[in-house]
1. Scan segment A:189-208 residue by residue and report those that are assigned to a helix (DSSP H, G or I) and either over 18 Å from the mean Cα position of the chain (by Cα) or without any contact (Cβ under 8 Å) to a residue 40 or more places away in the chain (or both).
2. Would you check if residue A:186 is in contact (Cβ under 8 Å) with a residue 12 or more places away in the chain and facing another protein chain (nearest Cβ under 9 Å)?
3. Considering only segment A:286-302, I want to know if a residue exists there that is charged (D, E, K, R), within 14 Å of residue A:101 (Cα to Cα) and under 20 Å from the mean Cα position of the chain (by Cα).
4. Of all residues being among the polar types (S, T, N, Q), within 7 Å of another protein chain (Cβ to nearest Cβ) and touching a residue at least 12 places away in the same chain (Cβ under 8 Å) in segment A:156-177, which is nearest to residue A:265 (Cα to Cα)? Just the residue, please.
5. Quickly run through segment A:234-263 and pick out the residues that are in contact with a Ser or Thr (Cβ under 8 Å, 6 or more places away or on another chain) and of a type in the set (Ser, Thr, Tyr).
6. Looking at A:297, A:327, which is the one that is over 28 Å from residue A:189 (Cβ atoms) and surrounded by fewer than 20 Cβ atoms within 10 Å (Cβ to Cβ)?
7. If a residue counts only when it is touching a His at 6+ places or on another chain (Cβ under 9 Å) and at pLDDT below 90, which helices (runs of 4 or more DSSP H) contained entirely in segment A:1-97 have at least 1 such residues?
8. Quick one: what pairs do we get from segment A:326-338, first residue farther than 9 Å from residue A:84 by Cβ and in a helix (DSSP H, G or I), second at pLDDT below 85 and small (Gly, Ala, Ser), C-beta under 7 Å, 6+ apart or different chains?
Amino acid sequence: MESFSLILAIVVVTALAFDFTNGFHDTANAMATTISTGALKPKVAVAMSAVLNLVGAFLSIEVANTISKGLVDESGIQPEVIFAALVGAILWNLLTWLVGLPSSSSHALMGGLIGATIASAGLGAVHGDVLVTKVLIPAVAAPLVAGIAAMIATRLTYALGRNADDNTTSKGYRAGQIASAGLVSLAHGTNDAQKTMGIITLALVAGGSIAPDSDPPTWVILSAGVAIALGTYLGGWRIIRTMGKGLTDLQPQQGFAAQTSAATVILASSHLGFSLSTTHSVSGSVMGAGLGRKHGVVRWSTATRMFVAWGLTLPAAALVGALAEFVTSFGAWGTGLVAVFLVASSAAIWVVSRREVVDHTNVNDTEEPAGVVTTAIAAVTPPPVGHPAEDLAASVPAGQETPANSSSPSAVA
Amino acid sequence: MHIDWAALGSVFGVSLVVTVALVALFTLGIAGLSKKESATGASAALAVAGAYACFAACAAAVAYGISLIVA
């Protein structure tokens, strides 16, 4: 019984760690445009987003229930499987953060879950049709819907506002951006904090400590909300820079149109029953706003890197999740090995990130990010030297290259 | 496999209409406020009143958004 509750504790801690990475990964969604147009100071922006995420976490448990009661068969799930899934999702989140690319935390989580489930229970335990309808189609639809809406809105706001005086304009759009960014933060808290609640609940159900089909316990809601708020406050400055400055140059009008489009799409999708990823919606709306301004440009090289990351998210997280599940299936020492590997590679990614620090002081500096990305990838690829889990460390980067080489179907998705 | 095209279509339609309408209202509000500087008398008062009506509609939309999140 003792080892049984130990694995549950490990799962809960790992889930909260994922929630934390989700927070700082997705700060960009709410605040990148607000920061890059100067509507809010960087620190103020992330603080506001953190508070609204925390509030949002307490507002609803609908999304948590979708995760804990739908995507995979609960009967085939062990706590170890969820742990392995989270390892895949966390590592993918950290890696994309290191290279400064926005990618969907929910796709990473679903990918990890799918990979770990396949490794543990075979292909049959994953609902393939749910995968297509809930993951692949939304990933294509979200940026298109948000992008087109933002593009038309940008055109319109420039046309209607061309005679307005500068002072009123700058004050007005500043307020508008803050309001729409606040809505996105709130919606993010209700959506994404709940994903962690759903995962922890799934683990508790799988471990037998609460009944199937239960709602998340209060302590789960509380800790998930705090973890995502802390992550948000820390701020994923690398991703904020890409989203706010890397994809296109945003003026306040565009920032407002983009953020309004993103907020509308996120709310409309979650309430009309066709859930779209926040990250994909915001990225799409930023690009749409870039295209909507006369002489506006979208840096397609950055956008292409981002699309590739989107395509790789699910398979890469699935592969790491599957490998982690394979190792944990050897028993307690396997689980320990994966835990050590997770901590060590997270630390390694953090150390690499310190070579080129991006924080609230230089988040709006534009520079060619290609060099950063290449060096970051080059620095990550070799496994940590002299590490106890060297076999596994070596196999993970190799594994992440496999989908890269055969990526045509997934990259399209 | 069942793909809910109707739901996707309505998300697209609603998002497009609401985004464009909100941004248009907001911009009209800003344009109205800045007219206050150039115009005088009744037309300035009208412009400001129109601007505040636009901002009120936007605020109502934000409130509705929050109520959707809470629900």
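The values are calculated or read from the model by the stated rules, or taken from the named source; none is laboratory data. Just so it is clear, the structure is predicted and the values come from calculations on it, not from any experiment. Glycine also receives a Cβ, built like all others from the backbone with ideal geometry; neighbour counts cover every protein chain displayed.
1. Just the residues of segment A:189-208 that are assigned to a helix (DSSP H, G or I), to begin with: A:189-206.
Passing the criteria: A:201, A:202, A:203, A:204, A:205, A:206.
2. On the way: in contact (Cβ under 8 Å) with a residue 12 or more places away in the chain: yes; facing another protein chain (nearest Cβ under 9 Å): yes.
So residue A:186 passes the test.
3. Step one: of segment A:286-302, the residues charged (D, E, K, R) are A:293-294, A:299.
Now narrow it down to the ones that are within 14 Å of residue A:101 (Cα to Cα): A:299.
Still in the running and under 20 Å from the mean Cα position of the chain (by Cα): none.
No, the conditions are met nowhere in segment A:286-302.
4. In the first step, residues of segment A:156-177 are kept if they are among the polar types (S, T, N, Q); the result is A:157, A:163, A:167-170, A:177.
If we keep only those that are within 7 Å of another protein chain (Cβ to nearest Cβ) as well, we get A:157, A:163, A:168-169.
Adding the requirement that they be touching a residue at least 12 places away in the same chain (Cβ under 8 Å) leaves A:157, A:169.
Working: A:157: 18, A:169: 25 Å.
Checked segment A:156-177; the qualifying residue nearest to residue A:265 (Cα to Cα) is A:157.
5. A:242, A:260, A:261
6. Numbers: A:327 fails: surrounded by fewer than 20 Cβ atoms within 10 Å (Cβ to Cβ).
Of A:297, A:327, the one residue that is over 28 Å from residue A:189 (Cβ atoms) and surrounded by fewer than 20 Cβ atoms within 10 Å (Cβ to Cβ) is A:297.
7. Values: elements: A:2-36, A:42-57, A:62-68.
It comes to A:2-36, A:42-57.
8. Partner pairs satisfying both residue conditions: A:332/A:3; A:337/A:389.
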